[in-house]
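Enquirer: Structure provided below as structure tokens; questions to follow.
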Amino acid sequence: MNISEIDGRRLYYTFIAGAHKIIENQVKLNKINVFPVNDGDTGSNMASTIRAVIEAIKPDRSYKVTVDLIAETTLVNARGNSGIIFAQFLNGISNETANLQTITIDQFIDSVKKSVRYVYEAVANPVEGTMLTIIKEWAEFLDKNRRLFRDFNELFLKSRSILEKALADTKHKLDILSKANVVDAGANAFVYFIDGIIEFISSKSIRQFMQIKAETNIFNKIEEHIPENIEFRYCTEALISRPTVDHKILSKLIQEHGDSVVVAGTEKTTRIHVHTNNPEILFDKLKDVGTITFQKADDMLRQSEAVYKRKWNIALVTDSACDLSDELMEHYQIHSVPINIYMGDNHYLDKVTIKPEQFYSHLNKSKGYPKTAQINEVAFRNLYSHLASHYDAIIAIHLTSKFSGTFFNSKKAAEKISNEFNKPIAVIDSKNVSGAIGLIVLRTAKAIESGEKFEEIVKNAEQWVNDSRIFVSVKTLKYMVRGGRVSHFKGLVAKILNVNPIVSMDEDGKSMVFGKTYNQKSNMEKVINHVRDITNERKVWNYIVLHSNNPDAAKWYSDKMKLLTQKDPVSFVEISPVISANAGIGAASVAFMYE
């Protein structure tokens, strides 16, 4: 069928066809990903960027309405360098399209040609041999040969050869690609996108196409490449609402903190991308140039380890409510997903873009109280799709489901990715918080290290959950009152009586007041006496001591626990900001697990 004009519905189904092709080949894209960082996630990032369009958009008959929806959705949901460049390409097409119900071939080619400027201006240091080059050469081919295309089918079919050549040439334009003997993963993703469109227009009706589900192809025979040092650890992204500086100034500011800088979007909503080692410092400055409505910071070192240096074939995942030392997290290659924290209108990521010391400062200065928000399903889906590309199985252990929907979102994502990749993913409710989660995660990590089977570990984890305890000595109820966990009246009474509660967790994962005393020292002594009583018949496997800006109290706990157990704490750490938001500054805690 000759298609001389495209409306919004045809655009939507054409886009979905390209999106499905990327999803089908995301594992291959992950495995050939060596530039700009060889962290093996280009396929997962591109799949995530376009999945949002599949799931969130309903096509309008107007081409302009639909192209605007696609551009906005991909910009908001874009991930990774290639994902943001692709989103900016679509943003350029959207901006360069008039308010039309349908568009002609010439109008489409004009919008594609003009969009090239958008992607090059968005990238601080454009590098040829990447998706940028593919888009530019495709646009130039369409512009020079527009008279040859009688309809849109011919436009896509006849442009395939230039894409194939441009993709092959990426090997010769970047030394790192030549050395690894692969094409650029981002460029390849764009070619897959066009390939999906060509398959759609060549062989499928819209009705047939909508009945086909995208399935991920697993590629096992692609050689993995020699890993390189990761100079900047975090692939950091954010959405900034109505920035107070233009994109050029914003780009210069961001370049002071890392590389691979991309600033895309519009004056209303700007999307940034940067590789940096200190996202918390960067975001402390960015809060002064606009409202940060979204942040993402992927750990590229951990991602690279998954591709090149994974120690075991079972991946271990937790969330930032798990408090365990950095050394143990590094040794066992544990993937931690940060819980969201909102300070006023600005969004932060627990332990990543806001560290404990910054959090304490915010608590004392801010009039409002920080709010926490669960990790959404998309974040877990992105992580699990990347891990499923490289591991045989995944185990995730999360903050008690009684406190947050994080566990349920992780479970939903796990079911989808498990079906997509045909790999087992177990999601476990720790029914606990902080150091107690840390001990369950550590026990699981040691089981993986010892070579235990996936099914056996998952079964044993139920017992480890039951054998974990935590006791938190709260120094003041002021923060619980500000956070809404305790009423102002009860807080006032407690202040007058100088009551300090001991908070623990029940067997269902709900918080409970274990006891009350008239000062924190008495509070802590009561905890130790109780631990002594309940560990008479059962030995302690390991314990963790934690504090919220109160190292002296934590040291006291550590000394007392060492006398009881004849062991040093396996970790001595600060409580994560997301837990400190409820326990308050000055809290001290001890968590332990029975043998």
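Enquirer: Sort out which residues of the range 562-585 are within 34 Å of the chain's Cα centre (by Cα) and β-branched (Val, Ile, Thr), and write them in order of number.
Expert: Passing the criteria: 570, 573, 575, 578, 579, 585.
Enquirer: May I ask you to list the residues in the range 26-35 that are buried (at least 23 other Cβ atoms within 10 Å of the Cβ) and either of a type outside the set (Phe, Trp, Tyr) or in contact with a strand residue (DSSP E or B) (Cβ under 6 Å, 6 or more places away or on another chain) (or both)? Don't jump to the end; show me each part of the working.
Expert: Step one: of the range 26-35, the residues buried (at least 23 other Cβ atoms within 10 Å of the Cβ) are 26-27, 29-35.
Correct list: 26, 27, 29, 30, 31, 32, 33, 34.
Enquirer: With a cut-off of at least 1 residues that are modelled with pLDDT of 95 or more and either among the hydrophobic types (A, V, I, L, M, F, W, C) or touching a Pro at 6+ places or on another chain (Cβ under 9 Å) (or both), name the helices (runs of 4 or more DSSP H) lying wholly within the range 124-234. If you could, list the steps in order and put the result at the bottom.
Expert: Working: elements: 131-144, 152-173, 175-180, 185-203, 206-210.
So the answer is 131-144, 152-173, 185-203.
Enquirer: Same structure, new question: Here is a check on your reading of the model: is residue 558 touching a strand residue (DSSP E or B) at 6+ places or on another chain (Cβ under 9 Å) and either buried (at least 22 other Cβ atoms within 10 Å of the Cβ) or aromatic (Phe, Trp, Tyr) (or both)? So that I can check it myself, show each step before the final result.
Expert: Numbers: touching a strand residue (DSSP E or B) at 6+ places or on another chain (Cβ under 9 Å): yes; either buried (at least 22 other Cβ atoms within 10 Å of the Cβ) or aromatic (Phe, Trp, Tyr) (or both): no.
No; evaluated as a whole, the condition is false for this residue.
Enquirer: Filter the range 271-287 down to the residues that are surrounded by fewer than 22 Cβ atoms within 10 Å (Cβ to Cβ) and touching a residue at least 24 places away in the same chain (Cβ under 8 Å), then identify the one that is nearest to residue 73 (Cα to Cα).
Expert: First pass over the range 271-287, keeping only residues surrounded by fewer than 22 Cβ atoms within 10 Å (Cβ to Cβ): 277-278, 280-281, 284-285, 287.
Remaining after also requiring touching a residue at least 24 places away in the same chain (Cβ under 8 Å): 277, 280-281, 284-285, 287.
Numbers: 277: 28, 280: 26, 281: 28, 284: 27, 285: 27, 287: 23 Å.
Per the criteria, the residue is 287.
Enquirer: Got a number for residues in the range 351-366 being surrounded by fewer than 24 Cβ atoms within 10 Å (Cβ to Cβ) and at pLDDT 80 or above? Spell out how you get there, then give the answer.
Expert: Here is the first cut: in the range 351-366, the ones surrounded by fewer than 24 Cβ atoms within 10 Å (Cβ to Cβ) are 352, 355-358, 360-366.
Next, from what is left, pick out any that are at pLDDT 80 or above: 352, 355-358, 360-361.
Matching residues across the range 351-366 total 7.
Condition check ((1) of a type outside the set (Ser, Thr, Tyr); (2) in contact with a Cys (Cβ under 6 Å, 6 or more places away or on another chain); (3) farther than 21 Å from residue 298 by Cβ) across all residues:
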residue: 353; (1), (2), (3): no, no, no
residue: 358; (1), (2), (3): yes, no, no
residue: 362; (1), (2), (3): yes, no, yes
residue: 380; (1), (2), (3): yes, no, no
residue: 396; (1), (2), (3): yes, no, no
residue: 408; (1), (2), (3): yes, no, yes
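Enquirer: Identify the residue in the range 98-108 that is hydrophobic (A, V, I, L, M, F, W, C) and closer than 12 Å to residue 151 by Cα and, among all such residues, is nearest to the chain's Cα centre (by Cα). Write out each step before concluding.
Expert: Taking the range 98-108 first, the residues hydrophobic (A, V, I, L, M, F, W, C) are 98, 100, 103, 105, 108.
Now restrict to residues that are closer than 12 Å to residue 151 by Cα: 103, 105, 108.
Values: 103: 37, 105: 38, 108: 34 Å.
Filtering first and then ranking leaves 108.
Enquirer: Moving to a separate point now. Picking from 54, 93, which residue would you name as being modelled with pLDDT of 95 or more and not assigned by TED's automatic domain parsing to the domain that holds residue 299?
Expert: On the way: 54 fails: modelled with pLDDT of 95 or more.
Matching residue, one of 54, 93: 93.
Enquirer: Find the helices (runs of 4 or more DSSP H) located wholly in the range 20-85 whose residues include 3 or more that are among the hydroxyl-bearing types (Ser, Thr, Tyr) and closer than 26 Å to residue 175 by Cα, and list them. Show your work before the answer.
Expert: On the way: elements: 26-31, 42-56, 63-77.
In the range 20-85, no matching helices (runs of 4 or more DSSP H) lie anywhere.
The values are calculated or read from the model by the stated rules, or taken from the named source; none is laboratory data. Because the structure is a prediction, the values reported are computed rather than measured. Please note: Cβ atoms are built from the backbone with ideal geometry, for glycine as well, and neighbour counts cover all protein chains shown.
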